[in-house]
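Peer 1: My questions will all concern the structure given below.
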Ligand SMILES: Cc1cc2nc3c(=O)[nH]c(=O)nc-3n(C[C@H](O)[C@H](O)[C@H](O)COP(=O)(O)OP(=O)(O)OC[C@H]3O[C@@H](n4cnc5c(N)ncnc54)[C@H](O)[C@@H]3O)c2cc1C
Ligand code: SF4
Ligand code: F3S
Ligand code: FES
């Protein structure tokens, strides 16, 4: 079976839906498909809490936002992309407002903004502390208005189809029936989100397994800057559930086992008293960027000033001084989550937290239009790397990125779709038959072996945590490269207990594991080759930033053996590399 | 959307569903209070009818109120009607969702208003029927 | 989608429910406990007293009429759905006719009786 | 293994079974495990053929609704310790056809959600250009619809509503609450458009106010209240129409 559309979105999260609506609005005659392995409103955008950045208030300026973003990214951002992003952000956020997003408001009815880490002024729009949830549902519900959007809910894409030198769609499994079909499109946009599940301890949901990155990688498209992985400094131990940065934006403080605000020891400025009207000071202390805060945790741990818990060491995030009323109004979800999953009420007790894998700065290499090196293939959202996040994303830039580049990529893909001929039906069907055979051969043949998905996944998680954590070293990265090779070899012997078609979640877990191994490989090799420290990539054996050799994007290409790592210049327009300063400005 | 109908399993939903969980049982009791409400209204109607039949007939009727069966029926009816009253007032805040600025007026307060009104009305009715 | 006539039944149901909740308990206490057990002075329900009250005041008559008839509609609506909920959906039209018909009949009878006072 | 616990799980496989069966698994008992952790343990370590939905593990994606001892719950938000040491019975949400094991089919809801038009509808001439900025909305105006916007589409309310189980033509709690969410938004003019469905028999009038939808809702959306309030406003509409027919618009 083959179904034809003009544009196919793989992913129904924030990026995919924004792209779909952008196309539907610009050209109601185009047929749009949104393919998603879960119902769109289950996409992990739903979990984002803190907010989305865009300049809207008079005391702020675009220039400020640009500078914060570039410095936050340790000068690894492409500056043309950042400039476009910051300029377009307010429009996109207002568009969300017009679609009904329940932004929190000031008494006069204008949207409210809050401070966020690494930003020099409050510019983060929020809907209490369920911003991603409200944005995703607003987008999803708005998409229902357009009847030229066809949804493929619970369809799992497995492969990008390339024919005649261009991407012509994907093969996908309809989960309920188990059948494999072609969803053909003149243009295809990957919006499959991040890959946090490669790591054992992450804020990411079960679906964030890097599928789109791996599919593009296999289709010959490079993955860019994969070594940059963001640890969020405040996750709940055990579950990895995120306690949003907004908790610190509202004035929460970080304490070590002695109740000391240890961040002052790490070049992040001097603490102000919590009663001081100027607390919290932007871009200082608790409002420093995430990479620096997570690194500070590791240092505290080494000094044995952290607090042991049943899930490793923690520090305390204290928001008690905000008082019950403010917590309930601005951070109700933080309270709900702490009560349910940590068994403490943050109104009365500090919250135990530790750094947790949160976000992939890298992803499918695209230009400023979201186009990849493969004609007809586009990417947007967390799976893509345009790159505005550089070596360290600033909190609350990502949700805005979904909108800005979701829309732009959607429009670019639509233009492309209007120019190319229809898909090559026959060869796509042949390719699908091959994919069908591959899956049957790899997973359904009897007596393949004895490897279990679970144990391979666990070993992958462990090796990634040891080598690609907050601090890395050449030695451990090399071991991990070998380990991943080994796991890939062993993957061939994986044996599924479930040989059936309908909703075979064991099969999808296996396919996801296969995707993750590819992405993990790209991460480990890119990290190994980058012999400098920058942003979230900290090499204990190369502690300095090295602009001369590494002010460049890493580009990982898949080959038959190990990945090939190449480099591409960072686009610098007006903001030459400088020192990242926190806690000292002004 | 190309979604083929496939064999799904439809679980039976027995007509005795309301016995399966306590909230459902309570719901059913709440619904059945209406029978006692109507029953008592018919009693009132008979009461008025007897009034139109003259003092003797009416007098016999009032005497019959003292019979144990009448008293027993009244007690049962009272239990159900009180259950009706309580559940009814407790649900009022779901219908009357009131705000003061940003804050929702607490549900207990809304229900409380009805309870207070109930007391007042009851006293007035009692005074009116019994006294004056 | 046909415009529904439920609002009429639902508002009668609600009004009846409110009247029943507010007024019936105290009346039951009077006719079922206070009077039979002689807990009140004299005999408040004596013929003279009640008859004069009703025959001389249209207002009292009207109030009593409403107290009797509205709860009938409360019953009709609730009971109709109770029957549907326990699985009689297939005969729901018949149920509606019987329930609301019953309440209307009760109202007409009440009207006739009240007019005779 | 120290302490353990038993889970009795509903199994149904469309290719093989005509009738569902129950399968009992023994899992370790851990103080801080939610039921979803136990089910993931089964999938990973005991039986790879068990199918169910989950993702966020933090009660916000709405995938993991199941009947836990007959009560609809988010399996990532209830703890084993609340049931220990008794056996826990896990079934797919009631009221929906079962696709496989704990996976129920929610196509019906998706259709209804679309029909209720859950998006801002504005009078043609009143759309404000983006350059003119946001629509003003005071915190008080926001508070009016905010609770109804918290719905995660988890379907627990449908599973709790006997009216829906008896007759799936009923639009049901969450869809109506989402309709009301937009009706009460100060930026919206779409009430009349939505009213046709909401005020129909299948809309609000089938609801007998069982109220369990609100009792099980994990996000305090209170769909029962949304429905009853819609009954009031639809009734007001109806009387306006009947009593002052000349006042009708259009
Ligand atoms: C807990 C948490 C809190 C966060 N808070 C913030 C915040 O406050 N501010 C901020 O700016 N950012 C935040 N982020 C980051 C941000 O939320 C994410 O980067 C962003 O939501 C990613 O959106 P997306 O559309 O790219 O992907 P997702 O929302 O993850 O969507 C991916 C989509 O792809 C589909 N998909 C994936 N693989 C396949 C496949 N093989 N076949 C078919 N479909 C597939 C999925 O079904 C899904 O629909 C947070 C992230 C997390 C995890
Ligand atoms: S109303 Fe509540 S129970 Fe129903 S789907 Fe929404 S969140 Fe779930
Ligand atoms: S449980 Fe069902 S009957 Fe109404 S109040 Fe809720 S929808
Ligand atoms: S897994 Fe997302 S709500 Fe339970």
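Peer 1: Of the residues that sit in the range A:196-223 and are on the phi < 0 side of the Ramachandran plot, away from every other protein chain (no Cβ under 14 Å) and within 11 Å of ligand 1 (Cβ to nearest atom), which one is surrounded by the most Cβ atoms within 10 Å (Cβ to Cβ)? Spell out how you get there, then give the answer.
Peer 2: So in the range A:196-223, the residues on the phi < 0 side of the Ramachandran plot come out as A:196-209, A:211-219, A:221-223.
If we keep only those that are away from every other protein chain (no Cβ under 14 Å) too, we end up with A:198-199, A:212-219, A:221-223.
Still in the list and also within 11 Å of ligand 1 (Cβ to nearest atom): A:212-215.
On the way: A:212: 31, A:213: 33, A:214: 28, A:215: 25.
Among them, the one singled out is A:213.
Peer 1: Here is a further query. Just checking: which of the helices (runs of 4 or more DSSP H) contained wholly in the range A:254-337 hold 3 or more residues that are at pLDDT 95 or above and buried (at least 16 other Cβ atoms within 10 Å of the Cβ)? Walk me through it before giving the result.
Peer 2: Working: elements: A:290-302, A:323-330, A:332-337.
Fully inside the range A:254-337 and qualifying: A:290-302.
Peer 1: Now a separate question. Have a look at A:355, A:375 and point out the one that is surrounded by 18 or more Cβ atoms within 10 Å (Cβ to Cβ) and either closer than 24 Å to residue A:130 by Cα or more than 22 Å from the chain's Cα centre (by Cα) (or both).
Peer 2: A:355
Peer 1: Going through D:55, D:63 one at a time, which residue ends up being in a loop (DSSP other than H, G, I, E, B) and away from ligand 2 (no atom under 14 Å from the Cβ)?
Peer 2: D:55
Peer 1: Is it true that residue D:172 is within 16 Å of ligand 2 (Cβ to nearest atom), in contact with a helix residue (DSSP H, G or I) (Cβ under 8 Å, 6 or more places away or on another chain) and free of Cβ contacts under 8 Å to residues at least 24 places away in the same chain?
Peer 2: It is false that residue D:172 is within 16 Å of ligand 2 (Cβ to nearest atom), in contact with a helix residue (DSSP H, G or I) (Cβ under 8 Å, 6 or more places away or on another chain) and free of Cβ contacts under 8 Å to residues at least 24 places away in the same chain.
Peer 1: Hey, another quick one. Which is in contact with a helix residue (DSSP H, G or I) (Cβ under 9 Å, 6 or more places away or on another chain), surrounded by fewer than 21 Cβ atoms within 10 Å (Cβ to Cβ) and assigned to a strand (DSSP E or B), of D:26, D:45?
Peer 2: Criteria check complete, one pass: D:26.
Peer 1: Pick out, from the range D:154-242, the helices (runs of 4 or more DSSP H) lying fully within it that include 2 or more residues that are more than 16 Å from ligand 4 (Cβ to nearest atom) and farther than 21 Å from residue D:107 by Cβ.
Peer 2: Correct list: D:173-183, D:191-198, D:212-216.
Peer 1: Can you name the residue in the range A:235-279 that is closer than 22 Å to residue A:124 by Cα and within 14 Å of chain D (Cβ to nearest Cβ) and, of all such residues, is farthest from ligand 2 (Cβ to nearest atom)?
Peer 2: Residue satisfying both the conditions and the ranking: A:235.
Peer 1: What tally of residues in the range B:90-121 results from selecting those that are within 14 Å of chain D (Cβ to nearest Cβ) and within 17 Å of residue C:25 (Cα to Cα)? Show your work before the answer.
Peer 2: Kept after step one, since they are within 14 Å of chain D (Cβ to nearest Cβ), are these residues of the range B:90-121: B:90-107, B:110-111.
After this cut, where a residue has to be within 17 Å of residue C:25 (Cα to Cα) as well, the list is B:90.
Number of matching residues: 1.
Yes/no matrix, rows are residues, columns are (1) modelled with pLDDT of 95 or more; (2) in contact with a strand residue (DSSP E or B) (Cβ under 9 Å, 6 or more places away or on another chain); (3) not in a loop (DSSP other than H, G, I, E, B):
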{"residue": "A:496", "(1), (2), (3)": "no, no, no"}
{"residue": "A:517", "(1), (2), (3)": "yes, no, yes"}
{"residue": "A:521", "(1), (2), (3)": "yes, yes, yes"}
{"residue": "A:526", "(1), (2), (3)": "yes, yes, yes"}
{"residue": "A:531", "(1), (2), (3)": "yes, yes, no"}
{"residue": "A:554", "(1), (2), (3)": "yes, yes, yes"}
{"residue": "A:565", "(1), (2), (3)": "yes, yes, yes"}
{"residue": "A:580", "(1), (2), (3)": "no, no, no"}
{"residue": "A:583", "(1), (2), (3)": "no, no, no"}
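Yes/no per residue for (1) crowded, with 20+ Cβ neighbours inside 10 Å; (2) within 13 Å of ligand 2 (Cβ to nearest atom):
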| residue | (1), (2) |
| --- | --- |
| D:195 | no, no |
| D:200 | no, no |
| D:203 | yes, no |
| D:222 | yes, yes |
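Peer 1: Does the range A:46-58 contain any residue that is more than 10 Å from chain D (Cβ to nearest Cβ), farther than 18 Å from residue A:115 by Cβ, touching a helix residue (DSSP H, G or I) at 6+ places or on another chain (Cβ under 8 Å) and not in a loop (DSSP other than H, G, I, E, B)?
Peer 2: No, that holds for no residue.
Peer 1: Which of the residues that make up the range A:548-570 are surrounded by 15 or more Cβ atoms within 10 Å (Cβ to Cβ) and under 13 Å from residue A:75 (Cα atoms)?
Peer 2: Correct list: A:550, A:551, A:552, A:553, A:570.
Peer 1: Against the conditions (1) more than 20 Å from residue D:216 (Cβ to Cβ); (2) within 7 Å of another protein chain (Cβ to nearest Cβ), where does residue D:56 fall short? Just the number, please.
Peer 2: (1)
Peer 1: Moving on to the next point. When the range D:111-142 is examined, which residues are found to be surrounded by fewer than 16 Cβ atoms within 10 Å (Cβ to Cβ) and more than 10 Å from chain A (Cβ to nearest Cβ)?
Peer 2: Those that are surrounded by fewer than 16 Cβ atoms within 10 Å (Cβ to Cβ) and more than 10 Å from chain A (Cβ to nearest Cβ): D:111, D:123, D:124, D:125, D:126.
Peer 1: Looking at A:434, A:367, can you tell me which residue is part of a loop (DSSP other than H, G, I, E, B) and either surrounded by fewer than 19 Cβ atoms within 10 Å (Cβ to Cβ) or within 16 Å of ligand 3 (Cβ to nearest atom) (or both)? Steps first, please.
Peer 2: Working: A:434 fails: part of a loop (DSSP other than H, G, I, E, B).
Just one listed residue meets the conditions, A:367.
Peer 1: For residue A:133, work out the one condition from (1) within 8 Å of another protein chain (Cβ to nearest Cβ); (2) assigned to a helix (DSSP H, G or I); (3) surrounded by fewer than 24 Cβ atoms within 10 Å (Cβ to Cβ) it doesn't fulfil.
Peer 2: Unmet for residue A:133, out of (1) within 8 Å of another protein chain (Cβ to nearest Cβ); (2) assigned to a helix (DSSP H, G or I); (3) surrounded by fewer than 24 Cβ atoms within 10 Å (Cβ to Cβ): (3).
Peer 1: Might you let me know whether the range D:56-72 holds any residue that is within 16 Å of ligand 1 (Cβ to nearest atom) and surrounded by fewer than 20 Cβ atoms within 10 Å (Cβ to Cβ)? Show your work before the answer.
Peer 2: Filtering the range D:56-72 for residues within 16 Å of ligand 1 (Cβ to nearest atom) gives D:56-64.
Right, trim to surrounded by fewer than 20 Cβ atoms within 10 Å (Cβ to Cβ) and you get none.
Within the range D:56-72, not a single residue is within 16 Å of ligand 1 (Cβ to nearest atom) and surrounded by fewer than 20 Cβ atoms within 10 Å (Cβ to Cβ).
Peer 1: Find the residue count for the range A:86-117, including only residues that are at the interface with another protein chain (Cβ under 7 Å from one of its Cβ atoms) and under 16 Å from residue A:250 (Cα atoms).
Peer 2: The qualifying residues number 1.
Peer 1: So residue A:109 ticks every box in (1) buried (at least 24 other Cβ atoms within 10 Å of the Cβ); (2) closer than 30 Å to residue A:60 by Cα; (3) out of contact with any helix residue (DSSP H, G or I) (no Cβ under 7 Å at 6 or more places or on another chain) but one. Which box is left unticked?
Peer 2: (1)
Peer 1: Continuing with the same structure: Yes or no: residue C:86 more than 13 Å from the chain's Cα centre (by Cα) and more than 8 Å from every other protein chain (Cβ to nearest Cβ)?
Peer 2: No, not satisfied.
Peer 1: Where in the range B:10-109 are there helices (runs of 4 or more DSSP H), lying wholly inside it, with at least 2 residues that are within 30 Å of residue D:180 (Cα to Cα)?
Peer 2: B:22-52, B:68-95
Peer 1: If the requirement is being within 14 Å of chain C (Cβ to nearest Cβ) and within 14 Å of ligand 2 (Cβ to nearest atom), which of these qualifies: D:154, D:217, D:161, D:213?
Peer 2: Of the residues listed, the single one that is within 14 Å of chain C (Cβ to nearest Cβ) and within 14 Å of ligand 2 (Cβ to nearest atom) is D:161.
Peer 1: Look through D:176, D:244, D:204 and report the one residue that is modelled with pLDDT under 95, near ligand 3 (Cβ under 9 Å from one of its atoms) and out of contact with any strand residue (DSSP E or B) (no Cβ under 9 Å at 6 or more places or on another chain).
Peer 2: On the way: D:176 fails: modelled with pLDDT under 95; D:244 fails: near ligand 3 (Cβ under 9 Å from one of its atoms).
One residue alone meets the criteria, D:204.
The values are calculated or read from the model by the stated rules, or taken from the named source; none is laboratory data. Please read all numbers here as calculations on a predicted model, not as lab measurements. We place every Cβ from the backbone using ideal geometry, glycine too, and count neighbours over all the protein chains shown.
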